[in-house]
Amino acid sequence: KDECTSNPCGTGQTCKDANTAANSLNDYTCTCTNDNSIVKKGAPATCTLDECAANPCGAQQTCNDPKQSPSSTGDYVCTCPAPNQAITSTGSPATCTGGSNDECASSPCGAGQSCVDPDTASAPAMDYVCTCTTGTGTATGTPATCETDECKSNPCGPSQTCVDPNKAVASTGDYTCSCQAPQKGTKAGGPATCTLNECDANPCGTGQTCNDPTTSPTTTLDFTCTCANGVVATGTAATCEVDECVSNPCGAGQTCNDPNKAKNSQHDYTCTCDNDKTIVQTDGMHL
């Protein structure tokens, strides 16, 4: 028979019956769940729980748990240090006020910061808190480092990147605005003037000269492509033509004709004798 079935150890303890034979009685063990080193055989163990072990009152107050019983929690007492020993609190830290040890009296945080000493009744413990009144930042026992990120107000606008290299409160107007690619332009302390040179993307290809007259982000497809022979196109690559007859490859007494003046079409011109139109060379060679 398992004697633990009747829960002889009670709450806060673990029961174990190593021998469940009918003739084996009172051999069960009770073990405290909060301290498994406290064990008793055949009866409930005497378990203890000192709530002060977790230091619920803080470093400057005295803690006392009168019962130290697992079944009695929240009864610990916090007591303020001298000269306020009469101020106590049960189950939570005491509010120690009225003392003469306000560390903020000497203005340790300096200008531009507020100071709060949470325990003015205790001896100085460097537990005062400095909080920036301009910018952001807090510190305990020392002045805070106050910072202001000027980019938070989005001074560059929605289409530019903002970087504030020095966030010190005393450093203002040093943020930088940069245009987003493919636009170009940067400026310190204000929005940049962005430019967009469409020729940077090489829209004309090789063998042509590109020119963007405005470089304005709001004006697009106004670039021009110019061939070596002077052919120009706007907003697109030009169709460059080469008339092979210009160089007079047929010579005197012959007529030259280039039927396909495309740049990639070469040696397709024809030479025809002036005195006999039936004599024609069609392989790009003169007669």
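The values are calculated or read from the model by the stated rules, or taken from the named source; none is laboratory data. Keep in mind that this is a model prediction, so the values were computed, not measured. Using ideal geometry, Cβ is built from the backbone for each residue, glycine included, and neighbour counts are taken over all protein chains shown. Please note that ligands, DNA and RNA were not included when accessible areas were found on the heavy atoms of the full protein model with its side chains. Shrake-Rupley method; radii C 1.70, N 1.55, O 1.52, S 1.80 Å.
Below are the figures for this structure:
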read-out	value
Surface share of carbon and sulfur [accessible, 1.4 angstrom probe, percent] for segment 164-282	50
Charge sum, other residues only, whose C-beta stays under 14 Å from THR218's C-beta, Lys/Arg counted +1 and Asp/Glu -1	-3
Nearby aspartates and glutamates by direct alpha-carbon distance to LYS167 (threshold 15 angstrom, same-chain neighbours under 8 apart not counted)	GLU147, ASP149, GLU150
Nearest-0.05 FRET efficiency for THR48 and ASN19, computed from C-beta distance (R0 25 Å)	0.30
Length-normalised contact order for segment 37-76 - Cα pairs under 8 Å, 6+ apart - percent	36
Local electrostatic count at CYS130 - Lys and Arg +1, Asp and Glu -1, tallied over other residues with Cβ under 12 Å	-3
Residues VAL116 and GLN68, FRET efficiency given R0 of 30 Å [Cβ-Cβ distance, rounded to 0.05]	0.30
Accessible solvent surface per residue of segment 110-220, calculated while the other protein chains remain in place, 1.4 angstrom probe, Å²	56
Stokes-Einstein D (µm²/s) once Rh is taken as the Kirkwood radius of the chain over alpha-carbon pairs, at 20 °C in 1.002 mPa s	71
Largest-first principal axis extents of the Cα set of segment 30-85 (Å)	50, 15, 14
Relative contact order %, segment 95-228, counting alpha carbon pairs below 8 Å whose residues are six or more apart	12
Förster radius 51 Å - calculated FRET efficiency between ASN26 and ASP75 (Cβ-Cβ, nearest 0.05)	0.95
Approximate spin-label separation SER171-THR33, in nm, with each point projected 7 Å along Cα-to-Cβ	5.6
Under 21 Å from LYS41, Cα to Cα: lysines that are on another chain or at least 8 residues apart	LYS1, LYS16
Difference of contour (0.36 nm per residue) and Cα-Cα distance, ASP243 to CYS4	75.1 nm
Debye intensity ratio I(q)/I(0), log10, segment 197-287, q values 0.10, 0.18, 0.25 Å⁻¹ (C-alpha model)	-0.41, -0.75, -1.10
Cysteines (scope the chain) whose Cβ has no counterpart Cys Cβ under 4.7 Å	CYS273
Positive minus negative residues near LEU49 (Lys, Arg vs Asp, Glu; Cβ under 11 Å)	-4
Solvent-accessible area, 1.4 Å probe, carbon plus sulfur percent, for segment 6-45	47
Relative contact order (%) - the chain, alpha-carbon pairs under 8 angstrom, separation at least six	6
Nitroxide proxy distance, nm - points 7 Å out along Cα→Cβ at ALA82 and THR236	9.7
Gain on full stretching of the segment that runs from ILE279 to THR206 - 0.36 nm per residue minus C-alpha separation	22.4 nm
